[in-house]
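So the structure is just underneath, and the comments pick up after that.
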Amino acid sequence: MWLIFALLSAVFAALTSILAKIGIEGVNSNLATAIRTVVVVLLAWGMVFLTDTQGGITNISRKSWIFLILSGLATGASWLCYYKALQIGEASKVVPIDKLSVVITLILAFVFLHEKVTIKSVIGCVLIGAGTLFMVL
């Protein structure tokens, strides 16, 4: 089931880039990010109430709160930078560079989460990195 959600995530991320590039024309990138964020917040809380999981908020540990807040700050910074880059650059170049996050995530997962480094993951990282450079140069 995770694979289906991962593929849907990729499709929605692609739509996000194209729709944002069209919608951001003539709009300040920070304002556009704020509008997007409000929509995401409403959608996320809507899903929480739709699935009746709002009661779980009291069970979240201090550690989880800290890391979820830090993750939110990183997401916000990413979105602000992404929208600015998308506003002034070509989507066909901005998006591949943004997807270098895959390579960075794998490296961070190896270092901080102690996930297993395999030859397949190393080759994949190198190919993604090389493919990104090939696309934007």
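The values are calculated or read from the model by the stated rules, or taken from the named source; none is laboratory data. Bear in mind the structure is a predicted one, so any value in this text is a computation, not a measurement. Methodologically, a virtual Cβ is constructed for each residue, glycine included, from the backbone with ideal geometry; neighbour enumeration extends over all protein chains shown.
Please go through segment 68-81 and give me each residue that is of a type in the set (A, V, I, L, M, F, W, C) and closer than 18 Å to residue 44 by Cα, ordered by number.
68, 69, 70, 73, 74, 79
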Testing residue 63 on (1) in a helix (DSSP H, G or I); (2) loosely packed, with under 15 Cβ neighbours inside 10 Å; (3) modelled with pLDDT under 95, one condition comes back false. Which one is that? (3)
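Table: residues versus (1) surrounded by 12 or more Cβ atoms within 10 Å (Cβ to Cβ); (2) within 21 Å of residue 6 (Cα to Cα).
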site: 91; (1), (2): yes, no
site: 98; (1), (2): yes, yes
site: 126; (1), (2): no, no
site: 129; (1), (2): yes, yes
site: 132; (1), (2): yes, yes
site: 135; (1), (2): yes, no
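Let me confirm something: among 93, 120, 84, which residue is charged (D, E, K, R), touching a residue at least 24 places away in the same chain (Cβ under 8 Å) and not assigned by TED's automatic domain parsing to the domain that holds residue 6? Spell out how you get there, then give the answer.
Working: 120 fails: touching a residue at least 24 places away in the same chain (Cβ under 8 Å); 84 fails: not assigned by TED's automatic domain parsing to the domain that holds residue 6.
Matching residue, one of 93, 120, 84: 93.
Residues in segment 31-60 that are in contact (Cβ under 8 Å) with a residue 12 or more places away in the chain and among the small types (Gly, Ala, Ser): how many?
We begin by selecting, within segment 31-60, every residue in contact (Cβ under 8 Å) with a residue 12 or more places away in the chain; these are 32-33, 36-37.
Next cut, among the small types (Gly, Ala, Ser) only: 32.
Within segment 31-60, residues that are in contact (Cβ under 8 Å) with a residue 12 or more places away in the chain and among the small types (Gly, Ala, Ser) number 1.
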State the number of residues belonging to segment 4-17 that are farther than 18 Å from residue 101 by Cα and either surrounded by 12 or more Cβ atoms within 10 Å (Cβ to Cβ) or at pLDDT below 90 (or both). 0
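Kindly indicate the residue of segment 20-57 that is more than 21 Å from the chain's Cα centre (by Cα) and not in a helix (DSSP H, G or I) and also surrounded by the most Cβ atoms within 10 Å (Cβ to Cβ) among those meeting that condition. Break it down stepwise before answering.
Kept after step one, since they are more than 21 Å from the chain's Cα centre (by Cα), are these residues of segment 20-57: 25-27, 49-57.
Remaining after also requiring not in a helix (DSSP H, G or I): 25-27, 51-53.
Values: 25: 8, 26: 7, 27: 14, 51: 8, 52: 8, 53: 10.
Applying the filter and picking the extreme gives 27.
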